[in-house]
1. Just one of (1) of a type outside the set (Val, Ile, Thr); (2) farther than 15 Å from residue 33 by Cβ; (3) modelled with pLDDT of 95 or more trips up residue 202, so point out which.
2. Of all residues in region 85-128, which are without any contact (Cβ under 8 Å) to a residue 12 or more places away in the chain and either in a strand (DSSP E or B) or open to solvent by less than 20 Å² (accessible area, probe 1.4 Å) (or both)?
3. I'm trying to understand the selection: among the residues of region 140-155, which are surrounded by fewer than 20 Cβ atoms within 10 Å (Cβ to Cβ) and among the polar types (S, T, N, Q)?
4. Check whether at least one residue in region 117-136 is over 30 Å from residue 64 (Cα atoms), basic (Lys, Arg) and touching a helix residue (DSSP H, G or I) at 6+ places or on another chain (Cβ under 8 Å), and report yes or no.
5. Could you check how many residues of region 53-108 are at pLDDT below 90 and of a type in the set (Asp, Glu)?
6. Inside region 64-84, can you point out the residues that are closer than 13 Å to residue 168 by Cα, open to solvent by 60 Å² or more (accessible area, probe 1.4 Å) and in a strand (DSSP E or B)?
7. Condition first: aliphatic (A, V, I, L, M) and either in contact with a strand residue (DSSP E or B) (Cβ under 8 Å, 6 or more places away or on another chain) or surrounded by fewer than 16 Cβ atoms within 10 Å (Cβ to Cβ) (or both). Now tell me which residues in region 165-194 satisfy that.
8. Identify the residue in region 1-52 that is outside any helix (DSSP H, G or I), open to solvent by 70 Å² or more (accessible area, probe 1.4 Å) and modelled with pLDDT of 90 or more and, among all such residues, is farthest from residue 177 (Cα to Cα).
Amino acid sequence: MAGLPQQVMSGFRLDLGPLKEPLGFIRVLEWVFSIFSFATTGGYTGYTDFTVHCSPKEGELVTASFGYPFRLSGSGFNYPNCTAPGYSVKMHLQNDYSSSAEFFVCVGVFGFLYCTATLVLYLGFQHVYRETTRGPVIDLFLTAAFAFLWLVSSSAWAKGLTDVKAMTNPQTIVNNINLCVKDKCSPDRFPAMGRLNASVISGFLNLILWGSNCWFIYKETPFHKPDHASAAVTDETGPQ
(Lines give C-alpha, C1' and ligand atoms only; values in the text may rest on other atoms or scores of the structure.)
Protein backbone atom coordinates (compact mmCIF):
# COMPACT_ATOMS: atom_id res chain seq x y z
CA MET A 1 0.00 0.00 0.00
CA ALA A 2 2.92 2.34 0.71
CA GLY A 3 4.08 2.06 -2.89
CA LEU A 4 0.68 2.90 -4.36
CA PRO A 5 1.16 6.72 -4.38
CA GLN A 6 4.56 6.23 -6.02
CA GLN A 7 3.00 4.01 -8.68
CA VAL A 8 0.31 6.62 -9.34
CA MET A 9 2.87 9.43 -9.62
CA SER A 10 5.10 7.33 -11.84
CA GLY A 11 2.19 6.97 -14.26
CA PHE A 12 1.52 10.72 -14.27
CA ARG A 13 2.54 12.33 -17.57
CA LEU A 14 1.63 15.98 -17.89
CA ASP A 15 0.35 16.70 -21.39
CA LEU A 16 -1.48 19.95 -22.19
CA GLY A 17 -2.39 18.68 -25.65
CA PRO A 18 -5.96 17.67 -24.69
CA LEU A 19 -6.71 21.32 -23.89
CA LYS A 20 -6.34 22.05 -27.60
CA GLU A 21 -8.97 19.41 -28.39
CA PRO A 22 -12.74 19.88 -27.89
CA LEU A 23 -12.77 17.15 -25.22
CA GLY A 24 -10.42 19.04 -22.90
CA PHE A 25 -11.34 22.60 -23.87
CA ILE A 26 -15.05 22.09 -23.25
CA ARG A 27 -14.26 20.43 -19.93
CA VAL A 28 -12.40 23.57 -18.84
CA LEU A 29 -15.45 25.65 -19.80
CA GLU A 30 -17.64 23.30 -17.78
CA TRP A 31 -15.31 23.74 -14.81
CA VAL A 32 -15.53 27.54 -15.05
CA PHE A 33 -19.31 27.74 -15.49
CA SER A 34 -19.94 25.19 -12.73
CA ILE A 35 -18.05 27.44 -10.31
CA PHE A 36 -19.91 30.49 -11.60
CA SER A 37 -23.29 28.79 -11.17
CA PHE A 38 -22.97 27.75 -7.54
CA ALA A 39 -20.98 30.85 -6.52
CA THR A 40 -23.51 33.36 -7.86
CA THR A 41 -26.38 31.53 -6.18
CA GLY A 42 -24.80 30.41 -2.92
CA GLY A 43 -23.31 33.78 -2.01
CA TYR A 44 -26.35 35.93 -2.72
CA THR A 45 -27.89 38.37 -0.23
CA GLY A 46 -30.68 40.77 -1.21
CA TYR A 47 -32.65 43.59 0.34
CA THR A 48 -36.16 44.83 -0.25
CA ASP A 49 -37.66 48.02 1.24
CA PHE A 50 -41.02 49.59 1.87
CA THR A 51 -42.08 52.68 3.80
CA VAL A 52 -44.67 52.86 6.56
CA HIS A 53 -46.33 56.27 6.98
CA CYS A 54 -47.56 56.43 10.56
CA SER A 55 -48.32 60.11 10.05
CA PRO A 56 -48.81 62.22 6.93
CA LYS A 57 -45.47 63.97 7.49
CA GLU A 58 -43.27 61.10 8.61
CA GLY A 59 -42.42 57.75 7.07
CA GLU A 60 -40.26 54.95 8.43
CA LEU A 61 -38.25 52.80 6.05
CA VAL A 62 -38.48 49.05 6.65
CA THR A 63 -35.81 46.77 5.18
CA ALA A 64 -36.14 43.01 4.82
CA SER A 65 -32.99 41.03 3.99
CA PHE A 66 -32.92 37.55 2.51
CA GLY A 67 -30.46 35.24 0.77
CA TYR A 68 -29.41 31.72 -0.03
CA PRO A 69 -30.94 29.19 0.52
CA PHE A 70 -34.05 31.41 0.19
CA ARG A 71 -36.06 30.17 3.14
CA LEU A 72 -38.03 33.40 3.07
CA SER A 73 -40.16 32.38 6.04
CA GLY A 74 -37.01 32.71 8.15
CA SER A 75 -36.20 36.22 6.91
CA GLY A 76 -37.64 38.70 9.40
CA PHE A 77 -38.08 42.45 9.56
CA ASN A 78 -39.34 44.90 12.16
CA TYR A 79 -42.63 46.58 11.34
CA PRO A 80 -43.11 49.85 13.27
CA ASN A 81 -46.02 50.01 15.69
CA CYS A 82 -47.79 53.22 14.76
CA THR A 83 -49.95 53.16 17.91
CA ALA A 84 -46.89 52.81 20.19
CA PRO A 85 -43.97 54.87 18.87
CA GLY A 86 -40.59 53.31 19.52
CA TYR A 87 -41.95 49.76 19.42
CA SER A 88 -42.10 47.37 16.48
CA VAL A 89 -43.71 44.09 15.46
CA LYS A 90 -41.55 41.20 14.23
CA MET A 91 -42.74 39.92 10.85
CA HIS A 92 -41.40 37.51 8.24
CA LEU A 93 -41.46 37.05 4.49
CA GLN A 94 -43.48 34.13 3.16
CA ASN A 95 -42.70 30.73 1.59
CA ASP A 96 -39.62 28.54 1.24
CA TYR A 97 -37.74 28.08 -2.05
CA SER A 98 -34.65 26.40 -0.63
CA SER A 99 -35.14 23.03 -2.34
CA SER A 100 -34.64 24.27 -5.90
CA ALA A 101 -31.78 26.61 -4.92
CA GLU A 102 -29.92 23.95 -2.92
CA PHE A 103 -30.40 21.37 -5.67
CA PHE A 104 -28.95 23.79 -8.23
CA VAL A 105 -25.95 24.60 -6.03
CA CYS A 106 -25.40 20.90 -5.28
CA VAL A 107 -25.27 20.05 -9.00
CA GLY A 108 -22.82 22.91 -9.52
CA VAL A 109 -20.51 21.76 -6.73
CA PHE A 110 -20.47 18.13 -7.83
CA GLY A 111 -20.03 19.22 -11.46
CA PHE A 112 -17.01 21.28 -10.42
CA LEU A 113 -15.50 18.31 -8.54
CA TYR A 114 -16.08 15.96 -11.47
CA CYS A 115 -14.52 18.43 -13.92
CA THR A 116 -11.48 18.76 -11.65
CA ALA A 117 -11.04 14.98 -11.46
CA THR A 118 -11.43 14.44 -15.20
CA LEU A 119 -9.08 17.29 -16.07
CA VAL A 120 -6.41 15.61 -13.94
CA LEU A 121 -7.16 12.41 -15.83
CA TYR A 122 -7.03 14.09 -19.25
CA LEU A 123 -3.83 16.03 -18.61
CA GLY A 124 -1.91 13.57 -16.47
CA PHE A 125 -3.18 10.14 -17.38
CA GLN A 126 -4.31 10.57 -20.99
CA HIS A 127 -2.44 7.41 -22.00
CA VAL A 128 -4.40 5.41 -19.44
CA TYR A 129 -7.69 7.07 -20.42
CA ARG A 130 -7.36 6.23 -24.12
CA GLU A 131 -5.79 2.80 -23.77
CA THR A 132 -8.73 1.49 -21.76
CA THR A 133 -12.33 1.29 -22.94
CA ARG A 134 -13.84 1.54 -19.47
CA GLY A 135 -12.67 5.12 -18.81
CA PRO A 136 -14.34 6.82 -21.80
CA VAL A 137 -17.55 4.80 -21.33
CA ILE A 138 -17.85 5.80 -17.66
CA ASP A 139 -17.00 9.38 -18.58
CA LEU A 140 -19.71 9.38 -21.25
CA PHE A 141 -22.46 8.13 -18.95
CA LEU A 142 -21.51 10.46 -16.09
CA THR A 143 -21.32 13.46 -18.43
CA ALA A 144 -24.74 12.60 -19.86
CA ALA A 145 -26.09 12.25 -16.32
CA PHE A 146 -24.75 15.69 -15.42
CA ALA A 147 -26.30 17.18 -18.57
CA PHE A 148 -29.67 15.81 -17.43
CA LEU A 149 -29.12 17.13 -13.89
CA TRP A 150 -28.30 20.58 -15.27
CA LEU A 151 -31.54 20.52 -17.25
CA VAL A 152 -33.64 19.59 -14.22
CA SER A 153 -31.87 21.82 -11.69
CA SER A 154 -31.73 24.87 -13.97
CA SER A 155 -35.42 24.56 -14.84
CA ALA A 156 -36.35 24.13 -11.17
CA TRP A 157 -34.21 27.07 -10.10
CA ALA A 158 -35.58 29.27 -12.90
CA LYS A 159 -39.09 28.61 -11.57
CA GLY A 160 -37.92 29.10 -7.98
CA LEU A 161 -36.25 32.39 -8.84
CA THR A 162 -39.46 33.63 -10.47
CA ASP A 163 -41.30 32.89 -7.24
CA VAL A 164 -38.57 34.52 -5.13
CA LYS A 165 -38.85 37.67 -7.24
CA ALA A 166 -42.62 37.71 -6.76
CA MET A 167 -42.49 37.21 -2.99
CA THR A 168 -39.71 39.76 -2.40
CA ASN A 169 -41.38 42.42 -4.52
CA PRO A 170 -42.04 45.27 -2.06
CA GLN A 171 -45.55 45.71 -3.48
CA THR A 172 -46.31 42.03 -2.75
CA ILE A 173 -44.97 42.40 0.79
CA VAL A 174 -47.14 45.45 1.40
CA ASN A 175 -50.20 43.64 0.07
CA ASN A 176 -49.57 40.69 2.42
CA ILE A 177 -49.30 42.81 5.58
CA ASN A 178 -52.69 43.26 7.23
CA LEU A 179 -51.52 46.32 9.19
CA CYS A 180 -50.90 48.11 5.91
CA VAL A 181 -54.66 48.22 5.45
CA LYS A 182 -54.84 50.68 8.35
CA ASP A 183 -51.38 52.24 7.97
CA LYS A 184 -50.24 53.80 4.75
CA CYS A 185 -47.48 51.62 3.27
CA SER A 186 -45.69 52.31 0.03
CA PRO A 187 -43.23 50.05 -1.82
CA ASP A 188 -39.67 51.27 -2.12
CA ARG A 189 -36.49 49.48 -3.30
CA PHE A 190 -36.78 46.31 -5.34
CA PRO A 191 -34.01 43.75 -4.66
CA ALA A 192 -31.21 43.51 -7.24
CA MET A 193 -31.60 40.18 -9.02
CA GLY A 194 -29.01 40.47 -11.81
CA ARG A 195 -26.67 38.03 -10.08
CA LEU A 196 -29.38 35.40 -9.74
CA ASN A 197 -30.49 35.91 -13.35
CA ALA A 198 -26.89 35.23 -14.38
CA SER A 199 -26.90 32.01 -12.35
CA VAL A 200 -29.92 30.70 -14.26
CA ILE A 201 -28.32 31.60 -17.60
CA SER A 202 -25.09 29.87 -16.61
CA GLY A 203 -27.09 26.80 -15.59
CA PHE A 204 -28.53 26.45 -19.07
CA LEU A 205 -25.11 27.17 -20.58
CA ASN A 206 -23.84 24.24 -18.52
CA LEU A 207 -26.60 22.11 -20.01
CA ILE A 208 -25.39 23.00 -23.53
CA LEU A 209 -21.73 22.42 -22.66
CA TRP A 210 -22.22 19.08 -20.93
CA GLY A 211 -24.65 17.88 -23.59
CA SER A 212 -22.37 18.80 -26.49
CA ASN A 213 -19.35 17.27 -24.78
CA CYS A 214 -21.10 13.90 -24.82
CA TRP A 215 -20.43 13.70 -28.58
CA PHE A 216 -16.68 14.21 -28.20
CA ILE A 217 -16.49 11.69 -25.36
CA TYR A 218 -18.57 9.25 -27.41
CA LYS A 219 -15.89 9.39 -30.13
CA GLU A 220 -13.40 8.03 -27.57
CA THR A 221 -15.57 5.02 -26.71
CA PRO A 222 -15.63 1.62 -28.45
CA PHE A 223 -19.21 2.40 -29.52
CA HIS A 224 -17.76 4.78 -32.13
CA LYS A 225 -14.29 3.43 -32.86
CA PRO A 226 -15.26 0.03 -34.36
CA ASP A 227 -16.70 1.84 -37.39
CA HIS A 228 -13.29 3.36 -38.13
CA ALA A 229 -11.48 0.12 -37.40
CA SER A 230 -13.66 -1.92 -39.76
CA ALA A 231 -13.27 0.73 -42.47
CA ALA A 232 -9.48 0.58 -42.09
CA VAL A 233 -9.50 -3.22 -42.41
CA THR A 234 -11.60 -2.98 -45.55
CA ASP A 235 -9.21 -0.46 -47.12
CA GLU A 236 -6.17 -2.59 -46.30
CA THR A 237 -7.58 -5.84 -47.69
CA GLY A 238 -9.23 -4.34 -50.75
CA PRO A 239 -11.08 -6.38 -53.37
CA GLN A 240 -9.72 -9.88 -53.96
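1. If we test residue 202 against (1) of a type outside the set (Val, Ile, Thr); (2) farther than 15 Å from residue 33 by Cβ; (3) modelled with pLDDT of 95 or more, just (2) comes out false.
2. Hit for region 85-128 is 88, nothing else.
3. Scanning region 140-155 gives a single hit, 155.
4. Within region 117-136 (the criterion being over 30 Å from residue 64 (Cα atoms), basic (Lys, Arg) and touching a helix residue (DSSP H, G or I) at 6+ places or on another chain (Cβ under 8 Å)), the answer is yes, since at least one residue qualifies.
5. 2
6. none
7. Across region 165-194, the qualifying residues are 166, 173, 174, 177, 179, 181, 192, 193.
8. Within region 1-52, the first condition is being outside any helix (DSSP H, G or I), and the residues that meet it are 1-3, 11-16, 21, 43-52.
In the following step, the residues that additionally are open to solvent by 70 Å² or more (accessible area, probe 1.4 Å) were identified as 1-2, 12-16, 45, 47.
When the remaining residues are screened for being modelled with pLDDT of 90 or more, the result is 45, 47.
On the way: 45: 23, 47: 17 Å.
Here the answer is 45.
The values are calculated or read from the model by the stated rules, or taken from the named source; none is laboratory data. The model shown is predicted, which means the values in this text are computed figures rather than measured ones. With ideal geometry, Cβ positions are generated from the backbone for all residues, glycine too; neighbour counts draw on all protein chains shown. These area figures cover heavy atoms from the full protein model, side chains too; ligands, DNA and RNA do not enter into them. Shrake-Rupley method; radii C 1.70, N 1.55, O 1.52, S 1.80 Å.
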